[in-house]
Amino acid sequence: MKPIIQAENLRKIYGEPPSETIALDNVSLSINQGEFSAIVGPSGCGKSTLMHILGFLDKPTSGKILIDGQKAEDLHENDLAKLRNQKIGFVFQSFNLLDRTSSLNNVLLPLQYNSQIPASERKKEAEKKLADVGLSDRMGNYPSQLSGGEQQRVAIARALVCNPAVILADEPTGNLDSKSGSQIMSLLKSLNQKGKTVVVVTHDLAIAKKTKRIISMKDGKIISDTKKNKK
């Protein structure tokens, strides 16, 4: 399998000496196409910082990051935004849906910035993605009319609508009860089985164990990287 994300010697430092905080300390990581991975560790260990850098939402203090062979540092901000829109789908703990916008229009939002999908096809594509996550009957509903699990499904549909190479999910079950959380992990597993590369950031080892690879972090470093044996 070829790497879809490569990170080399990433350091992320906040603040200035002597009160600086080292969030990432020389982290190197490769995520292969089609993997289902979890980045796990206690609060403050650097896992969310790492995910933001892997998804080009933040820049490292030093080190380099490539997605699909493209170096982030070679790209201007507009090109970086385009790459992020087309290659990466984000799912967040707080869903990040627009409150006064229907499920369908929330999912349509990323397509406004994606020239690869014709305007005439966008509504159909958004409807298909909502159907794929089991929300065909919730397209006109606003977030306040949806359960937490349904809101996260809308967020996943939105992450999928540009057909990204990678789904990055930061604590996707953090605001959900255990039943809804299990359903969201089952959905992410299903997406992986269909070929999507999925990376889940979580503090919950039980959630991490539902993936095929567990990358453990502590104090800004990767301390273990374990892949499950294929069955």
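Only the coordinates and a few stated rules stand behind these numbers; no lab work does. This one's a predicted model, so the numbers in the text were calculated from it and none came from an experiment. Methodologically, a virtual Cβ is constructed for each residue, glycine included, from the backbone with ideal geometry; neighbour enumeration extends over all protein chains shown.
Observations, loosely collected:
- Take every DSSP beta bridge whose two residues both sit in the chain; close to 55 percent of them are antiparallel.
- Approximating the spin labels as points 7 Å out from Cα along Cα→Cβ, the LYS71-to-LYS179 distance works out to 5.2 nm.
- Under the combined filter of DSSP loop state and at most 16 neighbouring Cβ atoms within 10 Å, region 59-128 retains these trypsin sites (Lys or Arg not before Pro): ARG100.
- Phi-based couplings in Hz for region 31-37 (Karplus 6.51, -1.76, 1.60; Gly and Pro marked x): 10, 7, 4, x, 6, 10, 10
- Identified option (computed Cα extents along the principal axes in Å; candidates (1) 52, 40, 39; (2) 61, 34, 27; (3) 44, 40, 34): (1)
- Ellipticity at 222 nm from helices only: DSSP H runs of n ≥ 4 in the chain, each -39500 (n - 2.57), divided by the residue count, give -9000 deg cm²/dmol.
- Label point distance in nm, ILE223-SER136, each placed 7 Å from Cα along Cα→Cβ: 4.8
- This model, with +1 at the C-beta of Lys and Arg and -1 at the C-beta of Asp and Glu, gives region 3-227 a dipole about its Cα centre of some 660 debye.
- Relative to the longest principal axis of the Cα atoms of the chain, the long axis of helix 77-87 lies at roughly 60 degrees.
- Which listed pairs, of LYS194/LYS227; LYS59/LYS210; LYS82/LYS209; LYS189/LYS221; LYS128/LYS227, have C-alpha distances above 22 Å, in listed order: LYS59/LYS210; LYS82/LYS209; LYS189/LYS221; LYS128/LYS227
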